[in-house]
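Trainee: Please find one structure pasted underneath; my questions will follow.
The values are calculated or read from the model by the stated rules, or taken from the named source; none is laboratory data. A quick note: this is a predicted structure, and the numbers were derived from the prediction, not measured. No Cβ is skipped: glycine too gets one built from the backbone with ideal geometry, and neighbour counts run over all protein chains shown.
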Amino acid sequence: IETLVGRSPHNRKKMAVVTRNGKLALTHYETERELGPAHAPLASVLKCKLSTGRTHQIRVHLTHLGHPLIGDPVYGRAQNRSRNKRGGVVSPEARAIMAAFERQALHAFRLGLDHPTTGKRLFFETLLPNDMTTLIDNLESLQ
């Protein structure tokens, strides 16, 4: 996803994909798996790699594509959607699972930074948190 990202012209507290006066934002992503019924997936697990570091970049880019994060109170609460990714109706059970997730379904499994004193490149990795694993399991169990 390659766009310009800047302040939303409609809400100055939000960032948005803009046509001018924005900064280049580049996000590479791949779908690792789709969640929910095979014929009507509800959500996807994505692996994203940022080539730039704009404010809310992943959230803005995915919302721009029409696929906001589950639990994102600013850029779109996906659990309130009545339609799935392919236009089918989202069941009340699926909406309840997504509504019960009390934060953004976003996790940085790997972070890299330069040490401020030595300049050495450091990397940190962590596993998926339990609440996110539970969310994925619950969505995968839906038929």
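Trainee: If the requirement is being modelled with pLDDT of 90 or more and not charged (D, E, K, R), which of these qualifies: 39, 28?
Mentor: Every option except 28 fails the conditions.
Trainee: Ok, one more. Take residues that are farther than 30 Å from residue 7 by Cβ and tell me which of the helices (runs of 4 or more DSSP H) falling wholly in segment 30-143 contain 2 or more.
Mentor: 92-100, 130-140
Trainee: I've got another one for you. Could you list all residues from segment 94-139 that are exposed (fewer than 10 other Cβ atoms within 10 Å of the Cβ) and touching a residue at least 24 places away in the same chain (Cβ under 8 Å)?
Mentor: Matches in segment 94-139: 102 only.
Trainee: Find all pairs meeting these conditions: Cβ atoms under 8 angstrom apart; at least six residues apart or on different chains; first residue within segment 49-66 and at positive phi; second residue surrounded by fewer than 19 Cβ atoms within 10 Å (Cβ to Cβ).
Mentor: Qualifying pairs under 8 Å: 56/14; 56/74.
Trainee: Select from segment 3-29 the residues that are outside any strand (DSSP E or B) and either of a type outside the set (S, T, N, Q) or touching a Gly at 6+ places or on another chain (Cβ under 7 Å) (or both) and write down the one among them that is nearest to residue 92 (Cα to Cα).
Mentor: Looking at the filtered set, the residue picked out is 14.
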